[in-house]
Amino acid sequence: MNNQKKIFIISLTVITSSCSYITGPEGYFPPTKYDFIEEKIEKTIKLVDDDSPLIIDDHYPVLNNQDTLKDIQDIPRPRQVFSSSGDSSVQLRRLGDLMWVYVETLPSTSWPIISSYWETSKYKIISKKPNIGVIEIEFDQNSTLEMKIEHGIKESSTEIFLNQVDKSNNEYISNPEFIQSKLEDVVSYFAESISKFSGTSLAAQNLNDLKKSKIFLENGQTVIELSLNFNRAWSSVTKAMNESNIILNDKDRSNGIFYVSHNDSENDRGIFSFLNRSANSNKNNFSSNESDFEIKITQKNNKTYVRAYAKNGKIEDAEKLISLINESLS
């Protein structure tokens, strides 16, 4: 025990002396807390007498003119502009006798706007069912109006349908001119009111999950599932190919097949060689035997399925094509 005490005392002495050697008055890092005592007071600085004003830039000026301020406050907020063609937020679309309003927003956001449209109209609302997206409106003694709000094909999109229903048998009444006029009013109402509405309807949140387009894998290949009939699916895929500038060589509607070929131009070879990147490539007269891809649409159990096949057998080439179509579907 005595040896251990001696060792402890010697170690403590070494540590203490080492600390003094480093931080003591004569060490490498002496204390500076008393250095202020040695400070000297210098003479007062004399400023040059100069009456010239300082040049200061005022980046945030305050307007003193109340009339000018009032004019600025009266400027209306920018309003989003909607059109019925091109890449717009709201469109009136038609396929045969079927008409609908296409809106690039979630159904839960569209629901309160549509509800307000009917609440401010001359018609009486019979019932509103946001969980299934249906509004029933009193029209006349023999019929009612039924508006349906559904999720569209494209992500975060809404499709709005309007039907006139016979009260006696609950069947739809064909009245395309009237339906078109009311849907045109809906498009105009969206244009005027979209900036006034914010948020979303919690009661209509369920509609956001009922998408008309889904994808799944089948034998290692992507398949697009559409909750549409064949006619709408065929039209939607055609529109998607046109918007993606894909070269369409031929088509067989009775069997649901599009024949697609890549552009044979030297400047357009690459991972997206099946795209039409030149202005004159759509004038090529390829036969279906010379096409490089087939896009097939089949129907089963009230749903349609879109598949792509590469004639060279490469799945990765077909995947690029089906992905491009999926991105352009709306």
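The values are calculated or read from the model by the stated rules, or taken from the named source; none is laboratory data. Remember, it's a predicted structure, so these values are computed and weren't measured experimentally. Quick reminder, even Gly has a Cβ in these numbers, built from the backbone with ideal geometry, and neighbours come from all protein chains shown. Protein only, heavy atoms only, side chains kept; ligands, DNA and RNA dropped before computing areas. Shrake-Rupley method; radii C 1.70, N 1.55, O 1.52, S 1.80 Å.
Among the residues making up the range 193-213, those that are of a type outside the set (Asp, Glu), under 18 Å from the mean Cα position of the chain (by Cα) and either assigned to a helix (DSSP H, G or I) or at pLDDT 90 or above (or both) are ILE194, SER195, GLN205, LEU207, ASN208, LEU210, LYS211, LYS212, SER213.
Considering the range 138-180, and only residues there that are assigned to a strand (DSSP E or B) and of a type in the set (A, V, I, L, M), the residue that is surrounded by the most Cβ atoms within 10 Å (Cβ to Cβ) turns out to be ILE160. Scanning the range 223-234 for residues that are surrounded by fewer than 19 Cβ atoms within 10 Å (Cβ to Cβ), over 18 Å from HIS151 (Cβ atoms) and of a type outside the set (A, V, I, L, M) yields PHE230, ASN231.
Filtering the range 280-297 down to residues that are more than 16 Å from ASN326 (Cα to Cα) and open to solvent by less than 90 Å² (accessible area, probe 1.4 Å), which residue is modelled with the lowest pLDDT?
Of the residues in the range 280-297, the ones more than 16 Å from ASN326 (Cα to Cα) are 280-292.
Then drop every residue that is not open to solvent by less than 90 Å² (accessible area, probe 1.4 Å), which leaves 281, 284, 286-288, 291-292.
Details: SER281: 42, ASN284: 39, PHE286: 34, SER287: 40, SER288: 47, SER291: 77, ASP292: 86.
Among them, the one singled out is PHE286.
The set of residues in the range 111-159 being under 19 Å from the mean Cα position of the chain (by Cα) and without any contact (Cβ under 8 Å) to a residue 60 or more places away in the chain consists of ILE149, GLU155, SER156, THR158, GLU159. Selection of first residues in the range 218-232 that are more than 14 Å from LYS303 (Cβ to Cβ) and of second residues that are crowded, with 17+ Cβ neighbours inside 10 Å, restricted to Cβ pairs under 6 Å at least 6 apart or on distinct chains, gives the following pairs, ordered by first then second residue: THR222/ILE322. Just one of (1) touching a residue at least 40 places away in the same chain (Cβ under 8 Å); (2) under 21 Å from GLU146 (Cα atoms) fails for SER188. It is (1).
In the set (1) among the hydrophobic types (A, V, I, L, M, F, W, C); (2) under 30 Å from ILE297 (Cβ atoms); (3) out of contact with any strand residue (DSSP E or B) (no Cβ under 9 Å at 6 or more places or on another chain), ILE179 fails one condition alone, (3).
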